[in-house]
1. For segment 1-45, what are the residues that are crowded, with 24+ Cβ neighbours inside 10 Å, near ligand 1 (Cβ under 10 Å from one of its atoms) and more than 12 Å from the chain's Cα centre (by Cα)?
2. Among what's in segment 176-187 and is of a type outside the set (Val, Ile, Thr) and touching a strand residue (DSSP E or B) at 6+ places or on another chain (Cβ under 7 Å), pick the residue that is farthest from ligand 1 (Cβ to nearest atom).
3. Of a type in the set (A, V, I, L, M, F, W, C), under 26 Å from Ile216 (Cβ atoms), without any contact (Cβ under 8 Å) to a residue 40 or more places away in the chain and part of a helix (DSSP H, G or I): is that true of Ala277 in this structure?
4. What pairs come up if the first residue lies in segment 53-65 and is in contact (Cβ under 8 Å) with a residue 24 or more places away in the chain and closer than 20 Å to Ser78 by Cβ, the second is surrounded by fewer than 18 Cβ atoms within 10 Å (Cβ to Cβ) and of a type in the set (Asp, Glu), and their beta carbons are under 8 Å apart, counting only those six or more places apart or on different chains?
5. So is Ile244 within 26 Å of the chain's Cα centre (by Cα), over 19 Å from Tyr22 (Cα atoms) and either modelled with pLDDT of 95 or more or not in a loop (DSSP other than H, G, I, E, B) (or both) or not?
6. When you look at Thr171, is it away from ligand 1 (no atom under 16 Å from the Cβ), in a helix (DSSP H, G or I) and either at pLDDT 95 or above or within 24 Å of Lys17 (Cβ to Cβ) (or both), yes or no?
7. Would you pick out the residues in segment 153-178 that are under 15 Å from Gly10 (Cβ atoms) and open to solvent by 10 Å² or more (accessible area, probe 1.4 Å)?
8. Quick one: is Asp252 surrounded by fewer than 19 Cβ atoms within 10 Å (Cβ to Cβ) and either farther than 21 Å from Pro180 by Cβ or in contact with a Pro (Cβ under 6 Å, 6 or more places away or on another chain) (or both)?
Amino acid sequence: MSTTIRIFSGIQPTGVKHLGNYIGAIRQYVASQDDGHPFICIVDLHSITVAHDPAELRESTLSVAALLFAAGLDPERSTVFVQSHVSAHPEAAWLLGSVTSFGELRRMTQFKEKADQQEFVSAGLFTYPVLQAADILLYQTDVVPIGEDQRQHVELTRDVAERFNARYGETFRLPRAVFPEVGARIMDLQEPERKMSTTGGTAQGTLLVLDPPEAIRKKLRSAVTDSGRDIVRSPDKAGITNLIEIMSVATDKEPEAIESRYDGEGYGTFKQEVGEAVVSLLEPVQRRYEELRSDEAELRRLIALGAENARAASAPTLEAMYERMGVAKP
Ligand code: AMP
Ligand code: TRP
């Protein structure tokens with residue numbers, strides 16, 4: 001086990017997962033099975049830090065699990081589990097809270113953005129990155145596949161790990177974030193200056209992984225571009241750049257190849273073909289998702305198995321943390 005690289009990532013069971021999640025994160029989780037045995041955590045304890053509906057949270061926890069398996073996570077080659085099923089996570093978060101500073105947390109961009117959207121800003125939303133650090137560090141993680149918006153949280157995790165190691169002795173490996181080469185930040189189709197998001201984006205500009213083919217085609221056909229004609233990536237062409245990246249991922253071709261393929265074509269044709277490519281990309285995932293959802297007992301069995309693996313993998317690190325901090329259990 002110690003010779004293979006340790007891979008860990010987390011995904012929230014809130015909102016319906018969108019194309020940004022699929023391209024920026026889920027696709028990387030699946031690919032990482034070739035490099036090691038990824039631990040993929042459905043972070044329900046993170047999702048309670050903002051207003052939520054308990055019944056919906058319960059439902060989307062199962063739904064995200066089904067989506068992860070449908071996307072290609074193989075229960076034999078990965079561990080998919082729910083954060084709240086492994087109590088080491090909140091325990092480790094409490095311990096790490098004492099080696100994380102108020103100032104560090106106050107600087108987190110995601111906290112500032114999310115706090116602005118809430119009527120009630122919970123203490124949990126503020127300490128959210130500490131729980132994320134616990135998630136990652138408990139598994140002696142080397143690599144964290146994520147989208148661009150999580151970069152700062154993994155940097156904080158490294159700082160916290162280094163501080164703990166310096167104060168209490170070498171305990172954690174230092175994790176490193178990895179981003180997909182193309183698609184680390186998929187933008188809203190209607191407002192391409194901001195990232196695609198179910199909480200902060202537009203409804204028409206957010207393409208859901210489970211959108212029916214007709215909705216996918218329509219959202220891409222009506223994607224906002226610019227008044228030019230050239231299908232090239234450029235800082236002043238956020239809409240077209242985003243569509244080129246989506247097409248690149250959907251057809252598994254370099255962005256340069258997409259640019260030369262569509263040289264001289266109009267935006268209309270291009271958008272239509274991106275629509276078809278995304279329908280083909282998501283169609284098999286949607287089909288497997290429906291199959292998995294129709295067998296809830298099997299889905300629950302897989303998650304229970306994941307929790308068992310995760311408990312065993314995280315226990316030694318949690319024990320070392322207690323021990324070194326001088327609060328060892330009797
Ligand atoms: P969340 O749904 O917030 O838990 O995000 C799950 C994963 O999706 C994280 O690794 C994020 O970095 C990634 N992600 C979220 N939004 C986007 C986006 N618009 N483009 C690329 N990756 C994203
Ligand atoms: N904060 C992440 C997000 O919003 C989700 C997350 C929780 C995570 N714990 C993690 C991601 C550990 C990577 C590793 O997307």
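1. Within segment 1-45, none qualify.
2. Arg176
3. Values: of a type in the set (A, V, I, L, M, F, W, C): yes; under 26 Å from Ile216 (Cβ atoms): yes; without any contact (Cβ under 8 Å) to a residue 40 or more places away in the chain: yes; part of a helix (DSSP H, G or I): yes.
Taking the combined requirement at face value, the residue satisfies it.
4. So the pair list comes out as Leu62/Glu296.
5. Details: within 26 Å of the chain's Cα centre (by Cα): yes; over 19 Å from Tyr22 (Cα atoms): no; either modelled with pLDDT of 95 or more or not in a loop (DSSP other than H, G, I, E, B) (or both): yes.
So Ile244 does not fit the description; no.
6. Details: away from ligand 1 (no atom under 16 Å from the Cβ): yes; in a helix (DSSP H, G or I): no; either at pLDDT 95 or above or within 24 Å of Lys17 (Cβ to Cβ) (or both): yes.
So Thr171 fails the test.
7. Pass one, segment 153-178, residues under 15 Å from Gly10 (Cβ atoms): 153-154, 156-157, 175, 177-178.
Listed by number, the residues that qualify are Ala177, Val178.
8. Working: surrounded by fewer than 19 Cβ atoms within 10 Å (Cβ to Cβ): yes; either farther than 21 Å from Pro180 by Cβ or in contact with a Pro (Cβ under 6 Å, 6 or more places away or on another chain) (or both): no.
When the stated conditions are applied, Asp252 does not pass them.
The values are calculated or read from the model by the stated rules, or taken from the named source; none is laboratory data. Small disclaimer: the values here were computed from a predicted structure and weren't measured. Backbone-built Cβ (ideal geometry, glycine too); neighbour counts: all protein chains shown. We work out accessible area using only protein heavy atoms, side chains counted, and drop any ligands, DNA or RNA first. Shrake-Rupley method; radii C 1.70, N 1.55, O 1.52, S 1.80 Å.
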